[in-house]
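The values are calculated or read from the model by the stated rules, or taken from the named source; none is laboratory data. Since this is a predicted model, take the numbers as computed values, not measurements. All Cβ positions, glycine included, derive from the backbone under ideal geometry; neighbour counts span all protein chains shown. Protein only, heavy atoms only, side chains kept; ligands, DNA and RNA dropped before computing areas. Shrake-Rupley method; radii C 1.70, N 1.55, O 1.52, S 1.80 Å.
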2 protein chains.
Amino acid sequence: MTEKIATIEDVARQAGVSIATVSRALHKPDVVSETTREKVQTAIAATGYTANVMARNLRLNRSGMILLLVPDIGNPFFSSILSGIEKGASQAGYNVLIGDTQNDPEREATYAAYLRSNQADAMILLNGRLPAPLAKAPANATSPVVIACERIPGCALPTVIIDNDEASFVATRHLIDLGHTRIAHVSGPTGNILTTDRVTGYRRALKSAGITSEPNLIYRGDFSIDSGIAAGRALLADAKTRPTAVCCASDGMAIGVIVAAKEVGLRIPQDLSVVGFDDIPHAAAYDPPITTVRQPRRRLGEQAIALLLDRLGSKIPSAHHDSGPVIVPTELIIRQSTGPCPS
Amino acid sequence: MTEKIATIEDVARQAGVSIATVSRALHKPDVVSETTREKVQTAIAATGYTANVMARNLRLNRSGMILLLVPDIGNPFFSSILSGIEKGASQAGYNVLIGDTQNDPEREATYAAYLRSNQADAMILLNGRLPAPLAKAPANATSPVVIACERIPGCALPTVIIDNDEASFVATRHLIDLGHTRIAHVSGPTGNILTTDRVTGYRRALKSAGITSEPNLIYRGDFSIDSGIAAGRALLADAKTRPTAVCCASDGMAIGVIVAAKEVGLRIPQDLSVVGFDDIPHAAAYDPPITTVRQPRRRLGEQAIALLLDRLGSKIPSAHHDSGPVIVPTELIIRQSTGPCPS
DNA sequence: ATTTTTAATGTAAACCTTTACATTTCTCTC
DNA sequence: GAGAGAAATGTAAAGGTTTACATTAAAAAT
């Protein structure tokens, strides 16, 4: 079973041609004669030859690899984006290497080094932060990097995002329209641009309705179910000051808030309305089904890879780049976790 | 900004040594003198050199890549396994390339070809099927492939699994102990070995309690929430023949069954007990919290990568191989979705 | 029939490493 | 201080491709 792997040389010998001809037969079929092409084909079949991708990539000075930096692959939100990216990438002949950074700057830096060392041809960032090495070199307009999901302020790289501010505004507005005035917000972690934007949208909606926002109605979570439970317990502890509605920055946290609400005997939505964010599959199957902001995850991924491929294709900075970030639309999915304000 | 990337030659020139010395300074530091090592270090810093991994790999005839074949990366069940694998791999200097096969044999074959073409050094299969190319060549005992999650009957490759039969037995037994006798089973798709094993465990439990299993109490799903809803609607439609308990082969399907049960006004667990499988994070936060079989996902991943690294390290077939599959223990987590049989 | 043009193939360099082997430079020892 | 042995470094090949350039063969034009 020590069967040696066939190289292009073996094929050439078998077919009675030079290795150059074999290579051409494979990559520029129109330049070799019909008959030799056939000879090469049979020789390939006979030897079971498959090109050594590493040698090929070395010669072409590429890796065929697109690096995808995600903060947490365990989060189903990211895995859908991924499948959009994957499809586009593999169509264009690229593989997707996933770097799970766990929000660790060191891991981010390690992965970013892949770009320099030719281990990756391009990079898509889902984690809302420029890895240190990139941040130093003023992110130049031609580097093959695309940012998705979280915009990076002051960064000129192509970006595809949703309008978090507006989406959060719409979600909050929905609660206001239902008559709620004591509306809490469970946000993401500090320092995250998503957090900032969504808090801004929330505040803007309150303001537009003439409601003054109370700082203690904003609770910082971390997008997880557990942090949602903690938020719910904190916000609902005091029956006197309790909000009648909660707007959450993730579905997981919305679920957590509902769990906490049920703990203290509150009914959803009769006693408390809850809005989520993302529309993960579980949101629709929860009890009650959760009203939430649907992010077009697949589209986000598709747009990101499209932007990147565009960039890889033409060296000139793409048109997209100058026209600001690509914004994909969100949609408020109204289900049964929200209802009129209890009187 | 057309800054050329520094090669080992640039470093050598800068340091006034040969490229061989530079290479040695990096990989066999003890063999070069203190002073030159320092010269090399400063030269590296000055040039900003990072080794071209592709050239290195070509020379060493390896790729540093471990291919992970999963049926669906969107399933959170797999993403946890992944993080266990990822950790071990990166410690050993490998990257993990994820191949999302979507259960498509063609995609499986494409990915499996990576092994032959040196694009990957090894492979971990989470999808319970040998890709065609491997299946043909009688999976020889030394090929760097490890199977996880789903055993492949008659395949001698190292395997790490849970005892699905036993876990399903325990879950069903739990319902029997609560006094249930009309117990349904919502299984995975046909042809999946998980399905077979879990159905077997279910049947074995019934038999051990002297209950004859009724074929129409077994519903084939596909692990998704939606298929669980369908299962629930089908099984609970007729109030006369309705089971008092349902044992599901995934948490998603358990959630689906509960959704369907609530549709027809059944209370969980007073009117219907439901058991899930996997213990995904959402299981604990559901209403009611779901009794389920916890799979040690991270451990599964860790074991798989350990087995693989063991294999890559020593050419001789590892000890593990002969001692049959590695079985990691599961645990029945009893929550509030199961209760005594209604009288 | 001879030259010119075109098509098909071959030769060899380049991509960037690592490492076996050869060579040089030390450091001892007598 | 010469010779041996050890330590450090250098030279060059190898790894499997792709491709610019050179060469040959065939077809077209004179």
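Structural remarks
- Condition check for residue B:95: within 16 Å of DNA strand D (Cβ to nearest atom) and either open to solvent by 30 Å² or more (accessible area, probe 1.4 Å) or within 19 Å of the chain's Cα centre (by Cα) (or both): no
- Residue list for the stretch B:7-16, filter: within 12 Å of DNA strand C (Cβ to nearest atom) and open to solvent by less than 60 Å² (accessible area, probe 1.4 Å): B:8, B:10, B:11, B:12
- When residues in the stretch A:36-90 are screened for being within 16 Å of DNA strand D (Cβ to nearest atom), aliphatic (A, V, I, L, M) and either open to solvent by less than 20 Å² (accessible area, probe 1.4 Å) or under 19 Å from residue A:114 (Cα atoms) (or both), 7 of them pass.
- Where helices (runs of 4 or more DSSP H) fall entirely within the stretch A:63-172, none has at least 3 residues that are away from chain B (no Cβ under 11 Å) and among the charged types (D, E, K, R).
- Residues of the stretch A:211-227 classified as of a type outside the set (S, T, N, Q) and either in contact with a Phe, Trp or Tyr (Cβ under 7 Å, 6 or more places away or on another chain) or under 22 Å from residue A:193 (Cβ atoms) (or both), total: 8
- One residue stands out among those in the stretch B:20-30 that are in a helix (DSSP H, G or I) and open to solvent by 90 Å² or more (accessible area, probe 1.4 Å): the one that is farthest from DNA strand D (Cβ to nearest atom), which is B:27.
- Applying the criterion of being open to solvent by less than 30 Å² (accessible area, probe 1.4 Å) and part of a helix (DSSP H, G or I) to the residues of the stretch B:298-343, the residue that is modelled with the lowest pLDDT is B:311.
- Pairs where the first residue, in the stretch A:98-117, is within 16 Å of DNA strand D (Cβ to nearest atom) and the second is not in a helix (DSSP H, G or I), C-beta under 8 Å, 6+ apart: A:117/B:50; A:117/B:51; A:117/B:52
- Residues being on the phi > 0 side of the Ramachandran plot, within 14 Å of chain B (Cβ to nearest Cβ) and more than 9 Å from DNA strand C (Cβ to nearest atom) are entirely absent from the stretch A:17-37.
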